[in-house]
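These notes are about the structure you will find just below.
The values are calculated or read from the model by the stated rules, or taken from the named source; none is laboratory data. If you're wondering where the values come from, they're calculated on a predicted model, not measured in any experiment. In this analysis, Cβ positions are derived from the backbone assuming ideal geometry, glycine residues included, and neighbour counts consider all displayed protein chains. Note: areas computed on protein heavy atoms with side chains; ligands, DNA, RNA excluded. Shrake-Rupley method; radii C 1.70, N 1.55, O 1.52, S 1.80 Å.
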Amino acid sequence: MIVVNTETIPGHRIIALKGLVQGNTIRAKHLGRDIGAGLKNLVGGELTAYTELLTESRRQAMERMMAQAQQLGANAILNVRFTTSSVAAGAAELYAYGTAVTVEPVT
Amino acid sequence: MNDTAGVVFLLLWMLVVIGLPIAFIITGRIREKNHFEDIARREAIHRNFPVIDLSLLPAGMTASRSTLVTGQVVIASDYLKNFFAQYRQIFGGEMKSYQTMMQRAKAEARLRMIEDARKLDAVAVINVRFETSQIGQARGKSAAMSEVLCYGTAVMP
């Protein structure tokens, strides 16, 4: 599965449009990590535990999007976009969406 | 006897109330300075690597493969920055402390994306987008947390 955020794929031609595919996940904060983050707030800087948590969650959202594309018989997703929003105190939604297509290499 | 105990207690109390915040400010500043130095060093390595936000290939470049690359970071301000920011909000103006925080986060996210692309032997990253979101106003007056995501399409020859 080719996943890009451009409208075309270099060296490939679009032969069929399969429609919009999406994947989302909502993650709650982990208490242990939250305490660590609270301590980190004293000096500021990167919160590594949260970076890892969100990286992992975003990957899951992307995997769900890719699974949906596979179901439609697509082999690529174009113009992928990501959004993050906090839906409640301590919960973040990660959303990925794109256009599923079938492509073939240009010979 | 009672007096000395009182003086010792007062000194300890002052150490906690005044000393600790100062220690946190200094630690935060040193870490920020080190981070900016680290960013400058890594940026020098990737100076000639094309990273653009157009969805086309740089002139004279051909590619046969492409894939999504991402870089992300969650960054927090500290309680003291928040405290000073509250006073800044009375008079308005540029909020320097938050500005450097976001600058660090954006540079770090972009560098992570570039390093991700380089690992895949990419020749360029095109259509780069940044996305920032506030992910937590944890509890009450605690520090602001923001997530910065940088993503783009890495192209390989």
Handout entry: 10 Å binning of all Cα-Cα separations within the stretch B:56-106, expressed as whole percents from 0 upward
Key = 19, 31, 17, 16, 15, 3
Problem - Members of the stretch A:3-22 that become less accessible by 50 Å² or more once partner protein chains are added (1.4 angstrom probe, chain alone as reference) - result: A:5, A:6, A:10
Problem - Volume per residue of the C-alpha convex hull in the stretch B:1-146, rounded to whole Å³ - result: 164 Å³
Completion exercise
Counting only protein heavy atoms and rolling a 1.4 Å probe, one gets per residue an accessible area for chain B in Å² of 59 Å²
Practice task
Counting only DSSP beta bridges with both residues in the protein assembly as shown, tell me the antiparallel percent, nearest 5.
Solution key: 95 percent
Practice task
Order B:43, B:37, B:108, most accessible first, counting only protein heavy atoms with a 1.4 angstrom probe.
Solution key: B:37, B:43, B:108
Exercise for the section: Provide the per residue accessible area, probe 1.4 Å, for the stretch A:2-105, rounded to a whole number of square angstrom. Expected result: 47 Å²
Fill in the blank from the handout: In deg cm²/dmol, rounded to the nearest 500, the helical mean residue ellipticity at 222 nm of chain B, built from -39500 (n - 2.57) for every DSSP H run of length 4 or more, is -16500 deg cm²/dmol
Practice task
Note down the Stokes-Einstein diffusion coefficient of the protein assembly as shown in µm²/s, whole number, using a Kirkwood radius over alpha carbon pairs, 4 °C, and 1.567 mPa s.
Solution key: 63 µm²/s
Fill in the blank from the handout: Compactness summary of chain A: radius of gyration and Dmax from Cα atoms, Å, are 17.5, 58
Fill in the blank from the handout: Of the candidates B:61, B:27, B:39, the farthest towards the positive dipole end of the stretch B:1-80 (Lys/Arg Cβ +1, Asp/Glu Cβ -1, centred on the Cα centre) is B:61
Fill in the blank from the handout: Helix A:31-40 sits off the longest principal axis of the Cα atoms of chain A, rounded to the nearest 10 on a 0 to 90 degree scale, by 70 degrees
Problem - On Cα atoms only, tilt of A:48-71 relative to the major axis of chain A in degrees - result: 30 degrees
Completion exercise
Counting only residues 5 or more apart in sequence or on a different chain, those whose built amide H sits under 5 Å from that of residue A:3 are A:77, B:68
Handout entry: For residues of B:70-81, the mean tally of beta carbons on other chains within 10 Å
Key = 6
Handout entry: the stretch B:68-157: projected area of the alpha-carbon convex hull, averaged over directions, in nm²
Key = 6.5 nm²
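In whole percent, what relative contact order does the stretch B:2-156 give with Cα contacts below 8 Å and a gap of six or more residues?
Values: 199 pairs, mean separation 48.8, N = 155.
For the stretch B:2-156, the relative contact order is 31 percent.
So, with a 1.4 angstrom probe, what is the percent of accessible area on the protein assembly as shown that is carbon and sulfur?
On the way: 8580 of 14400 Å².
C and S fraction of accessible area: 60 percent.
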Completion exercise
Descending packing, highest mean Cβ count within 10 Å first, for B:54-66, B:81-93, A:45-57 is A:45-57, B:54-66, B:81-93
Completion exercise
Expected field for residue A:72, accessible surface area in Å² at 1.4 Å probe radius, rounded to 10, holds 80 Å²
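If you take each beta carbon of peptide A:81-89 and count the beta carbons of other chains within 10 angstrom, what is the mean? If you can, show how the numbers build up before the last one.
Values: counts 3, 8, 3, 10, 3, 7, 0, 0, 4.
Mean partner-chain Cβ count within 10 Å for A:81-89: 4.
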Practice task
Find the sum over both chains of the accessible area lost when B and A are paired, probe 1.4 Å, and report it in Å² to the nearest 100.
Solution key: 3000 Å²
